[in-house]
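What follows is a single structure, written as structure tokens, with notes after it.
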Amino acid sequence: MDCVGGFMNNIKLSNRLHLLLEKIPSGSKFADIGSDHALLPIAAIESKRVVFAVAGEVNPGPFDAACKAVAAAGLRNVISVRRGDGLEVLEPGEVDCITVAGMGGSLIASILERGQALGKLEGVSVLALQPNVGEDILRRWLLENGWLLIAEDILEEDGKIYEVLTAVPEVGGSELSSENLYKEVVLNQGRVTCGREMLIQMGPWLLKAPNAAFFKKWQGEISKLETIVASLSRSELESAEDKRMATQARIQEITEVLECLPKDKL
Ligand code: SAM
């Protein structure tokens, strides 16, 4: 379904969406899936970063909002607002870049999975993804589906922490490979090792150059785990002790990694 539909210039993007905008290659055609008010496509066209955009929305309310915003900006000739589930709104080869932001990592992974099965990722050279939670699920999906993670960013805005993962199709023979990216990292002269699982959970690029938002996110995770340990300690269930010990071990693992990371970006 396409929409029918004045003027409203210079959308002011949040820092989160601005970061995503910067990941879209200049001069490309891109699709923003789950676009809501189509803020990103409008800003991408108004800033002349892209020449054409698709704003995809599955739900009627956000789809109407996107149609109205695109019409109000006078951009109906260059932004196609389409209603449908995930990448179904795209023709194979139609866009070079896809952004999906503001959803859980597992929903984004399932959108990519279903889209890939339908050939909708053909010709796509950049995926810029901003999961609200479940970043590890998305890293795993990218790794298992031939997408090389080339950048990770993390920022705090309005009290929330956001990660942006950027990936490109993996080609053999390049020095940068998923195999190298997720190779075990030895920290603190061998006292702490960060294996593949930890790299998938925390982010291989983020671990190389952790900033204040990264440390805050993981201190927050530790606090949540400590609350779980406290409640398990009060439990009389037999299974609680095993869970408490596993959770305590997880806290220690994260704490040790955080202690060994460079602090120059704080
Ligand atoms: N991308 C915008 C952003 O980051 O500010 C909007 C994020 S909003 C929280 C998530 C949007 O994704 C909602 O408008 C929702 O309707 C849409 N959405 C959820 N599942 C979707 C799917 N399978 N296909 C397309 N849109 C979807």
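For the range 45-65, filtered to residues that are within 8 Å of the ligand (Cβ to nearest atom) and part of a loop (DSSP other than H, G, I, E, B), the residue that is nearest to L90 (Cα to Cα) is V58. Among the residues of the range 134-177, which ones are out of contact with any helix residue (DSSP H, G or I) (no Cβ under 7 Å at 6 or more places or on another chain) and closer than 15 Å to L112 by Cβ? L142, E144, G146, W147, V168, P169, listed by residue number.
How many of the residues in the range 218-245 are in contact with a Leu (Cβ under 9 Å, 6 or more places away or on another chain), under 21 Å from E256 (Cα atoms) and not aliphatic (A, V, I, L, M)? The total comes to 4. Out of all the residues in the range 106-125, is one or more more than 11 Å from the ligand (Cβ to nearest atom), assigned to a loop (DSSP other than H, G, I, E, B), surrounded by fewer than 18 Cβ atoms within 10 Å (Cβ to Cβ) and acidic (D, E)? Scanning the range 106-125, I find at least one residue that is more than 11 Å from the ligand (Cβ to nearest atom), assigned to a loop (DSSP other than H, G, I, E, B), surrounded by fewer than 18 Cβ atoms within 10 Å (Cβ to Cβ) and acidic (D, E), so the answer is yes. If you go through the range 26-44 and keep only what is touching a strand residue (DSSP E or B) at 6+ places or on another chain (Cβ under 6 Å) and either farther than 22 Å from G105 by Cβ or not in a helix (DSSP H, G or I) (or both), you end up with S28, K29, F30, A31, D32, I33, G34, S35, A38, P41, A44.
Tell me the residue from L266, L232 that is assigned to a helix (DSSP H, G or I) and in contact with a helix residue (DSSP H, G or I) (Cβ under 9 Å, 6 or more places away or on another chain), please. Result of the check over L266, L232: L232.
Of all the numbered requirements in (1) surrounded by fewer than 24 Cβ atoms within 10 Å (Cβ to Cβ); (2) within 9 Å of the ligand (Cβ to nearest atom), K23 misses one, and that requirement is (2).
Looking only at residues of the range 26-38 that are surrounded by fewer than 23 Cβ atoms within 10 Å (Cβ to Cβ) and near the ligand (Cβ under 9 Å from one of its atoms), we find that the one that is nearest to E94 (Cα to Cα) is G34. Only one entry in S125, S80 is over 14 Å from T166 (Cα atoms) and of a type in the set (S, T, N, Q), namely S80.
For (1) surrounded by fewer than 19 Cβ atoms within 10 Å (Cβ to Cβ); (2) over 16 Å from the mean Cα position of the chain (by Cα); (3) at pLDDT 95 or above; (4) more than 18 Å from V100 (Cα to Cα), each residue gets a yes or a no:
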{"site": "D136", "(1), (2), (3), (4)": "yes, no, yes, no"}
{"site": "R139", "(1), (2), (3), (4)": "no, no, yes, no"}
{"site": "W147", "(1), (2), (3), (4)": "no, no, yes, no"}
{"site": "E152", "(1), (2), (3), (4)": "no, no, yes, no"}
{"site": "G159", "(1), (2), (3), (4)": "yes, yes, yes, yes"}
{"site": "E163", "(1), (2), (3), (4)": "no, no, yes, no"}
{"site": "G172", "(1), (2), (3), (4)": "yes, yes, no, yes"}
{"site": "E175", "(1), (2), (3), (4)": "yes, yes, no, yes"}
{"site": "S178", "(1), (2), (3), (4)": "yes, yes, yes, yes"}
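The values are calculated or read from the model by the stated rules, or taken from the named source; none is laboratory data. What you see is a predicted model; the values in this text were computed from it and never measured. Note that each Cβ is placed from the backbone with ideal geometry, even for glycine, and that neighbours are counted across all protein chains shown.
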